[in-house]
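Below: the structure, in C-alpha cells.
The values are calculated or read from the model by the stated rules, or taken from the named source; none is laboratory data. The structure displayed is predicted, hence computed values, not measured ones. So basically every Cβ, Gly included, is an ideal-geometry build from the backbone, and we count neighbours across all protein chains shown.
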Amino acid sequence: MTELLADLPEAFLFTAQRAGAGHHGLGRLQWRLGLPDGPPVATGTDVAHVEDGPIRSLHVISPEPPLLLSLRMIRVSGRGSKGGLGK
C-alpha cells in the first residue's frame, strides 16, 4: 500500500465520504480516492485505535484489490496508455 500511495498522481485526492465517527478509542472514516471532478478509483474505510493521543493501530479496508487499483490509477492518470504498465 505504501508504494501505491507514493506513486499517486499529484491531482488525486483522498476525500471523506461522510463525517468520521468515533467511540471509546475507536474511529472510522469512509473515504474515496481519485480526481476531484471524476469517479473514484478506490473507496474504503479506515478504522483507527487511538490511545492516549496517537493512533496505535490503523486498519484500511478497501474492496479494491491492489492490482486493480494500480491499473485504474494508470488508466486515469494517463500513464501506460501505449499498452505498458510502467511509468
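Can you name the residue in the stretch 26-49 that is touching a Lys or Arg at 6+ places or on another chain (Cβ under 6 Å) and not in a strand (DSSP E or B) and, of all such residues, is nearest to GLU64 (Cα to Cα)?
Of everything passing the filter in the stretch 26-49, VAL41 is nearest to GLU64 (Cα to Cα).
Which of the residues that make up the stretch 8-41 are over 27 Å from PRO54 (Cβ atoms) and touching a residue at least 24 places away in the same chain (Cβ under 8 Å)? Lay out the reasoning, then the answer.
Quick first cut of the stretch 8-41, residues over 27 Å from PRO54 (Cβ atoms) only: 9-11, 34-41.
Within the stretch 8-41, PRO9, ALA11, GLY34, LEU35, PRO36, GLY38, VAL41 qualify.
For every residue, the table says whether it meets (1) at pLDDT 90 or above; (2) surrounded by 12 or more Cβ atoms within 10 Å (Cβ to Cβ); (3) among the aliphatic types (A, V, I, L, M).
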| residue | (1), (2), (3) |
| --- | --- |
| THR2 | no, no, no |
| ALA21 | yes, no, yes |
| PRO39 | no, no, no |
| ALA42 | no, yes, yes |
| VAL47 | yes, yes, yes |
| PRO54 | no, no, no |
| GLU64 | no, yes, no |
| GLY80 | no, yes, no |
